[in-house]
Amino acid sequence: MNRTERLTKILVASLLLVTFLGSTAFLGRDVTYLPFAPTVQQDVPKTCVGKERWAIKTGTDSQAGQVKLAPIQSSIAKLVQLTAPKPLPEDKRITPTEFTIFTITATLIGYIKEDDQDYHLVLSDGELTMIVELPDPKCVGEGSPFLDEIKSVRKKFDQQFSGKNKPSGNFRTIEDGGIQVLITGVGFFDKLHGQRGVAPNGIELHPVTDIDFNPASPSTTTTLPSMSEVNVVKWEYFLITAKSAEDLRDALNPIGEEGWELVDVLFDSKRPEPYVAYLKRQKE
């Protein structure tokens, strides 16, 4: 099945479900239905092998233009406290984290060039670690609003670590405990699969949009709004699958009074129960 046929099948399935349900009040409350928005696919070299949530990682997804460009001051300690939804939606950004650009100061303790050509950086605050990633601009579609920043950041990093220190497929630990960096990037939740330096909730800055090595002291830098000044809404997520659109409707009806909102519905032919609904509700 080619991409056009697959997207057509998904869209048809969504329309069928809406027809069965009759209205967005089927959950016993007003809900928001977000129609399926296909990822913006662009030609990239064959060496670019990124897969999981790749469009969101590189800003080539349909929601990238909604990311708020004004950075928020944060820290590793604050970011690792954010709640990661389960499951992670493949083609949808997570509100508000993945619509936010964060700036943190930390110690860069090591880096590696991954198979997908990203530079994988491990940051530490002395106790906790987290990952930030610098995509290869050649692997980022022209439609990404972050492409210019991605190019600039990779150039800065290559100038800082050149020659024998150039990123390679072997993890390189920085001598003398690391180097201080001021990092800015888009919030992103990655799937946990044993990555070196991964935060417990999988939070990353991906892509990184700016990097400064050995930055000036905080007293000489511009003060950014902190996360405490931003209204952060935490959500929990729920997944329902069914063999048909009608079965999915019947499965959704009983949970209408529990505060769940319908986020998306799609048809996934690889699942035994291919009709899939994603729901969310605000944590108390």
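The values are calculated or read from the model by the stated rules, or taken from the named source; none is laboratory data. Note that this is a predicted model, so its numbers are computed, not measured. Backbone-built Cβ (ideal geometry, glycine too); neighbour counts: all protein chains shown.
The selection criterion, being in a loop (DSSP other than H, G, I, E, B) and assigned by TED's automatic domain parsing to the domain that holds residue 195, holds for residue 86.
Among the residues making up the stretch 104-117, none is in contact with a Cys (Cβ under 8 Å, 6 or more places away or on another chain) and at pLDDT 95 or above. Candidates 221, 209, 173: the one that is among the hydroxyl-bearing types (Ser, Thr, Tyr), at pLDDT 95 or above and surrounded by 13 or more Cβ atoms within 10 Å (Cβ to Cβ) is 209.
Among 60, 95, which is in a loop (DSSP other than H, G, I, E, B) and closer than 16 Å to residue 190 by Cα?
On the way: 60 fails: closer than 16 Å to residue 190 by Cα.
Every option except 95 fails the conditions.
Could we say that residue 161 is surrounded by 15 or more Cβ atoms within 10 Å (Cβ to Cβ) and at pLDDT below 85 here? No.
Just checking, how many residues over the stretch 166-194 are small (Gly, Ala, Ser) and part of a loop (DSSP other than H, G, I, E, B)? Before the answer, list the steps.
Filtering the stretch 166-194 for residues small (Gly, Ala, Ser) gives 168-169, 177-178, 185, 187, 194.
Still in the running and part of a loop (DSSP other than H, G, I, E, B): 168-169, 178, 194.
Qualifying residue count, the stretch 166-194: 4.
Check the stretch 133-141 and report whether any residue there is in contact (Cβ under 8 Å) with a residue 60 or more places away in the chain, part of a strand (DSSP E or B), assigned by TED's automatic domain parsing to the domain that holds residue 164 and within 22 Å of residue 68 (Cβ to Cβ). Yes, that holds for at least one residue. Considered as a group, the residues in the stretch 113-135 that are hydrophobic (A, V, I, L, M, F, W, C) and buried (at least 21 other Cβ atoms within 10 Å of the Cβ) include one that is nearest to residue 184 (Cα to Cα), and that residue is 132. When we screen 236, 229 for residues that are surrounded by fewer than 18 Cβ atoms within 10 Å (Cβ to Cβ), under 29 Å from residue 79 (Cβ atoms), at pLDDT below 55 and charged (D, E, K, R), the only hit is 229. Based on what the data block shows, is residue 98 in the same structural domain as residue 179 (by TED's automatic domain parsing) and within 19 Å of the chain's Cα centre (by Cα)? The answer is yes for residue 98.
So that you can scan it fast, the table gives a plain yes or no per residue for (1) without any contact (Cβ under 8 Å) to a residue 60 or more places away in the chain; (2) of a type in the set (Lys, Arg); (3) within 18 Å of residue 124 (Cβ to Cβ):
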{"residue": "152", "(1), (2), (3)": "yes, no, no"}
{"residue": "158", "(1), (2), (3)": "yes, no, no"}
{"residue": "165", "(1), (2), (3)": "yes, no, no"}
{"residue": "173", "(1), (2), (3)": "no, no, yes"}
{"residue": "176", "(1), (2), (3)": "yes, no, yes"}
{"residue": "179", "(1), (2), (3)": "no, no, yes"}
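Screening the candidates 197, 110 for the property of being outside any loop (DSSP other than H, G, I, E, B) and surrounded by fewer than 22 Cβ atoms within 10 Å (Cβ to Cβ) yields one hit, 110. Among the residues of the stretch 92-107, those identified as buried (at least 17 other Cβ atoms within 10 Å of the Cβ) and either aromatic (Phe, Trp, Tyr) or touching a Ser or Thr at 6+ places or on another chain (Cβ under 8 Å) (or both) are 101, 102, 103, 104, 105, 106, 107.
Among the residues of the stretch 256-284, just one is β-branched (Val, Ile, Thr) and at pLDDT below 75, namely 263.
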